[in-house]
1. Please tell me the relative contact order of segment 225-329 in percent, rounded to the nearest whole number, where contacts are Cα pairs under 8 Å and at least six residues apart.
2. Carbon and sulfur together cover what percent of the accessible area of segment 1-119 at a 1.4 Å probe radius?
3. May I ask you to derive the relative contact order of segment 60-178, considering only C-alpha pairs under 8 Å and at least 6 residues apart, and to give it as an integer percent?
4. Run through segment 389-469 and list the trypsin sites (Lys or Arg not before Pro) located in a DSSP loop whose Cβ has at most 15 other Cβ atoms within 10 Å.
5. Taking θ as phi - 60°, what are the ³J(HN,Hα) couplings along segment 687-703 by the Karplus curve (6.51, -1.76, 1.60), each to the nearest whole Hz, with x for Gly and Pro?
6. Filter K177/K353; K177/K316; K316/K417; K31/K316; K177/K313 down to the pairs with a C-alpha to C-alpha distance above 25 Å, please.
7. Could you give the length gained on full extension between N705 and V17, defined as 0.36 nm per residue of separation minus the Cα-Cα distance, in nm?
8. Let me check I've understood the local charge: for L327, count other residues with C-beta under 15 angstrom from its C-beta, Lys and Arg +1, Asp and Glu -1. What total comes out?
Amino acid sequence: MELSNKYACFIPLCPLVAPRLTGSIAFFFPKATKGFRRLCAAFNIFSLTTAMFISSVLFRQQFVSHSIQQYLWARILRSDFCLNVGFLIDPLTLIMSILVTTVGISVMVYSDSYMCHDQGYARFYAYLSLFTASMPGSVFSPNLIQIYIFWELVGMCSYLLIGFWFARSSAANACQKASVTNRIGDFGLLLGISGVYWVTGTFEIFELCDRFAELTNDGVVNPIFANTIALLLFLGPVAKSAQFPLHVWLPDATEGPTPISALIHAATMVAAGIFLIARIFSLISVLPPTTYTISWVGGITALLGATLALAQKDLKRGLAYSTMSQLGYMVSASGIGAYRSALFHLITHAYSKALLFLGSGSVIHSMEKVVGYSPTRSQNMFLMGGLRNYMPITGTTFLSGTLSLCGIPPLACFWSKDEIIAGSWLCSPPLGLLASTTAGLTAFYTFRIYLLTFEGDFRANRIKNNGCSTSPLSTNLIGSWGGAQSESTNKQTGTSNSSVSRQQYMEGNETRKTKSFLAPNFPEENSDYEGAIEVHSDPNLIHPQESDLAMALPPTALAIPTVLIGLIGVDLTQKETDLDLLSEWLTPLTYLSGANEKAGNLTEVLTNSTGSLSLSLVGIVISFHIYGKTDKPVEIKIFDKSELTNRNFLTTFGRFVRDWSANRGYIDYYHNIYIVQGLISTSKLVLLLDQYVIDGFVNGTGILNLLGGESIRYGENGRISYYLFGLLSGIILPLLLAIPPLP
């Protein structure tokens, strides 16, 4: 089957129609929506499936023709300005389109079971479809203005979905934090777009990139100004793709439903920043200071994300820091000119991370039936363990995603990550050392997540936290728009609290006090801190169960590309020619951007990957040594008190790493002091200025007018003789003053 490239406009339009219809029905007919909400979900899934089918057909045709086409319509016509809207079709757009639609369909199918008991089910699917429509809209945009519009739409959707359960204060704060942080980057991006237009006189991507590069090479544009514009453009991806120092929103974004976390981290929001860098790569590549800055921002972010993930006890938050670290790899690769490697890692990481997040959602869904619906408990890895025995499908698929992220061949992320590490060593040895260190840390914390979650014995039934109820019935329903419902309302609607999942954040009083290295939830024996572990055995205790088909099928499907998708970037012919599929797909774009990368053959890649693979294996071995035997968590002590005198440095360093990770590197603390408190102090000064200076001037003027009017009022008695006297006095006195004195 062949389709005209004009049909590409239906890729963003199909998922855009579904949320409009679903949202309208849910808003105007909320009671009727409950009867056919599954039909709304099916319609949303069908619309995205249609978009995926069109993307696949056009990509097959693109693979043969290697053509780049634009379809434009004049939107604003003036004598000196013309803005065209339309869509651009090239290999990059179709690769991103397939990525977004395939992951999006998996998330939508998964959400049908995950959100089935939530009264905001239809609203959730409306937001979800709008999210999946926003990213293809940005991908197919031919100019920066259109990209910016969809860029903001992606941000709006993330705000709505992160704060989907907005009755929880933590979710409301998280979506506000994400929105404000991204507005900083978006403002810089808007300034950069304005600067590019000032220099080039156009918003069209290919035209402005070529013109900007030509003007810069000819010395027409001041180098400082050119680099400033490029860095302002880069500020948008810094916020959107969670690069240091604007990464602080990403871990808190896990407050949203888990399917949303999978979509944000894999295919939509964070991928938008990497896509923009790839789209304007030829503009950035002619500015060495900018590329140097980009490479080191990415490298620092990769290492920082890995260190912050080392001691996380929250399952989703650990995966969030992992995303931050892997995005740092992609940005660093873009900075050193490894354009193809960055896109390659974007593809492999997306499928692996989507698999891991969907697997974590299945785990959380099962844990809630055991420990209750508080995220502080259902997402706590130290209350899990041994889940592979109860959830074999989830455990097996999660292991494949874990090994892929660790960089173990022949899984997907091994091929792309190794290319980035090799390119980093060739470009800058310090940057290569940083990338290699990150690879070892990645293997450690990723395998740590798997071991604590799926291996050993199940610990939740052996642990009793004092002062915190674990009953699933201790939460209230949340209405379709986030408001909590009373028990009487539940009885009227015939809804039981026992069937509700993930409804309300139970604000527990968990203490942050920790007792052992990298084990923040394992207190020492005879500890007096709140929530001390008590071991007990009850044969009637509840155990987790494997998820149903709707939740087990998407991770199983994603496990296939997680294992095989990496082979598209490797030359399997064992020849020196560049015959890997990824290079074939990106040939036209590579030509335009000036990147001259070639993939090595299979033997060369495996030989050069020995160093990074060894570091990954070392990280896995260390992780297994520390967390591999967690049958008795009470007895786990990494450093015994009796050995403190001999291992004082190691103990101090271990506790520093633990505190560094648990406190997010203290970055949020300093953000609060220097930025939040600084803004509050500035706002108070502005308030005082407004009250006592601006309002004082206005109020003073009013008082003077009042006093003057009152004074004049007493002289207004209505007698003509007084008025004539005043008139004559006003005439005679100036004349007398004008007569010169006698000599």
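1. On the way: 110 pairs, mean separation 36.0, N = 105.
Reported relative contact order: 34 percent.
2. On the way: 3890 of 5880 Å².
Whole-percent figure for carbon plus sulfur exposure: 66.
3. Working: 115 pairs, mean separation 23.8, N = 119.
Answer for segment 60-178 is 20 percent.
4. Details: sites: K417, R448, R459, R462, K464; in loops: R459, K464.
Sparse-neighbourhood loop trypsin sites (Lys or Arg not before Pro): K464.
5. Ordered by residue, 3J(HN,Hα) equals 4, 5, 4, 5, 6, 9, 9, 5, 5, x, 5, 5, 5, x, 4, x, 5 Hz.
6. Working: K177/K353 23 Å; K177/K316 18 Å; K316/K417 22 Å; K31/K316 34 Å; K177/K313 22 Å.
Result: K31/K316 exceed 25 Å.
7. On the way: separation 688, 0.36 × 688 = 247.68 nm, distance 6.06 nm.
My answer for the length gained is 241.6 nm.
8. Details: positive: K240, K353, K417; negative: none.
Value of the local net charge: +3.
The values are calculated or read from the model by the stated rules, or taken from the named source; none is laboratory data. Note that this is a predicted model, so its numbers are computed, not measured. For neighbour counting, all protein chains shown are included, and Cβ atoms are generated from backbone atoms with ideal geometry for every residue, glycine included. Note: areas computed on protein heavy atoms with side chains; ligands, DNA, RNA excluded. Shrake-Rupley method; radii C 1.70, N 1.55, O 1.52, S 1.80 Å.
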